[in-house]
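*Asks:* This is the structure I want to talk about, given as structure tokens.
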Amino acid sequence: MGITHGPGGNRSEAAREERRDTIEALTEVSDHLDFALRLVRRIVADQARLGQLTTRIHAVEERLHDDRYYLAVIGEFSAGKSTFINALLGQDLLPTSALRTTAAATRITHGPEFALEVRFRLDGIRYQYPTGRAAGPHSPLGRMLLHLAPDATVPDDTAGILSLLTADERFAPHLSYLEVRHPAAPLRDGLVIIDTPGTNAEVGHTDITSEVMRTEADLAAVLTPSASPASTSLTAFLTDALDPGLLRRCIFLVTKMDHVEDDEHDDLLGHVRKRFARLLGLDDVVVQGVAADAVLRRATGRELLGPEQEYWADMFPATLETLRDQMQRQRIIAVSDHLLRLMEDVLTELGGELEDAQRRLAAEEAELDANRIPNLAAFGERHAARGALLVDAGAENARRAVGAMAAQWQQYTRRSIDTAIDTAVTPDDMRRVIRADVPDLIRRDLPRIGDVVQKAVTSALADSAREAEGAVEAAFEAEYAKLDQTAVVQIRTNVTIVSGTVLASNALRAYESNVSGVTQQIRAVRGQATRSGPIGSGVDQWFASMPPPTGPRRGSVPPNMPPPRLPGSAPYPAYPSGHSPQYGGPNSGGIHSYPPPPPPGAPSIPPPPMPGQSAPNYGPPPQPRSGLGAFAARIADSMSSTDMNALRNHARAEMHQTLQTVADGLARQIDEAILSATEHYAATVREHVEQYRATYAHTVDELVTEYERREGILTARRNLLHDATRQTEQRRATITRQRERLTTRGGSRT
């Protein structure tokens, strides 16, 4: 005995009109599916989620064109689900001893032979049985069963394998999918039966039943035994698993009615109808009685047990007709319901996605406000000032390193001059020494002194500048690290995220390619001149404007005459105590009394060659017509005494004073070089700070712009979702009206 499905026999005008309504509804559902597909493709950016939703849409579309009828069977253990399904099929297919631990829905579909498709939670592999190559324990499925229970006995026949899977506690809990294919006539006519696990199972069953009803079943046959009909546990389960829309697609069957007295049938069914209506909130509950054991006995040729079973076996065709009518009516309603739920899920997920994106964006903006420098100008000034202090410290190191160098040069050169004067034998020799030798001795080491001083100054200041720039870089890198905390991960969006690190790296690369840097600055400072020229130069200018030698001693330089200073040059600090501009001053007690020894690590000048030694060759000395040479010549010309002792004393006094003038000028040039280099490096550090400040400000502006861009994208997506929601509501109303027409066509459900 089975169910005859689909249109068949003579049709009334009402049946033809119902068919037209169904075709119209199917056409509208196709349009709704197209709308849903366009919607998810426009809004959903995450490819994985887009694939999932697209698969669901295609599943609904496939269900739309699937002409089979899907019947879910729901009920508690001991309600007779397996017996009822066997009665529908007209043969003993399912074992009646299924376990509470069975956690997978069993789908029973048509196939040319009795076969199984099985998947387990452990590996997800699809097993087919029989395979046509090996049977029993030697088949892939048999080996998997022995893996789960090595001591099990695996039968060769398909029915025995099915019994193990559904009635053996060693295997049933591990099932994730079970499909039974069978050539039974009702299945051939298009019936698909979905046997859900017992509602009072020990494993989670609510989600399985809900998913089956949401995505597959056209109708659910809810079984409740006559001994305990409409139990509290069953109604509680139905309330949790099914919403009102799904509950309206249920027909309630009271099983084992052959155990109820004749005069109690109507009262019992009425009581069950009212109880389900009250507990489930339904107003048109369909309740019928069945005795599946009697039906199965008749179908398999076994003897019926009394007149009660005879009665219910005769009543079963009417129950089948009710199921057929309900499934035909509910099929388009179920497809429409699947579609509506799909669209609702899409809208709900998209709305949640936009809300999450908005929360993330707000959190990132708050992080940016918390992590960026509150007063960038003050921050830059503070670090520029710190850099200036470091450069000043470098200048002080340079002064300590070369501060005594002019005095050292003066000491060494004075020895050479005294030696040259002492070697003069005649007045003419003395005048020659004063006129030619002394200027050469004064000029001899000045270029080397200037080079040593310049290198020492630039080295000390370059180290300080590097330290200052390193401190600036460290400070801004720490701030960039805070900015980078606001960078976000791309989640369900096609928005390109730009982080603080990326922006900073790009900007700093551009900066570093355009700024000369410390190395280039060192090279520039070494080549630049002081206001009076390179260190050690300008000697001739210092003496060009000096008056001829006059004074108490003919040919002597006035003892208190200050060294000349070029127009526009700034005054310079006083020199160390004991450095008297007048030869024979308070510290003239010998050549060892001045200058003070250089500090440790300071560059030093090797002493001049002693008599008999050859002096370094610096090339032919210049012979200017004015300046130092002319000044020395005038002194030589003014020397008229023939007393060599007097001439030597006179020459020493004049030349020592002349040497003092040059040493004072050299000291001023050294100080001027330190001051100039200090200003230069301080400006370089400030430029470095300014470049970082501008880059950081640009980075923050870019981040703000990025947030504004993403906010605009979210707004556009939100508007699109609002429009989609409005269209969905319109389509919902259309589908609902169509469902109501199909539901009420041909009379009420009862």
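What follows is calculated from the coordinates using simple rules that are stated; it is not laboratory data. Because the structure is predicted, anything quoted here is derived from the model rather than measured. Glycine also receives a Cβ, built like all others from the backbone with ideal geometry; neighbour counts cover every protein chain displayed.
*Asks:* From the phi of every residue in the range 183-196, what ³J(HN,Hα) in whole Hz does the Karplus formula 6.51 cos²θ - 1.76 cosθ + 1.60 yield, where θ is phi - 60° and glycine or proline is x?
*Replies:* Rounded to whole hertz, the list is x, 4, 4, x, 6, 5, 7, x, 7, 10, 9, 10, 8, 7.
*Asks:* Would you please give the FRET efficiency between residue 125 and residue 159, computed as 1/(1 + (r/R0)^6) with r the Cβ-Cβ distance and R0 = 30 Å, to the nearest 0.05?
*Replies:* Plugging the Cβ-Cβ distance into 1/(1 + (r/R0)^6) gives 0.85.
*Asks:* For residue 455, list the aspartates and glutamates whose Cα falls under 13 Å from its own Cα; do not include residues on the same chain fewer than 8 positions away.
*Replies:* Those aspartates and glutamates meeting the cut-off are 463.
*Asks:* Hey, rough spin-label estimate for residue 134 and residue 284, points 7 angstrom out along Cα→Cβ, what's it come to in nanometres?
*Replies:* Label at residue 134, label at residue 284, 5.6 nm between them.
*Asks:* Where a Cα-Cα gap under 18 Å defines reach, which lysines qualify for residue 81, not counting those fewer than 8 residues away within the same chain?
*Replies:* 256
*Asks:* Here is a follow-up. For the pair residue 690 and residue 49, how long in nm is the line joining their label points, each one 7 Å along Cα→Cβ?
*Replies:* The two pseudo-label positions are separated by 4.8 nm.
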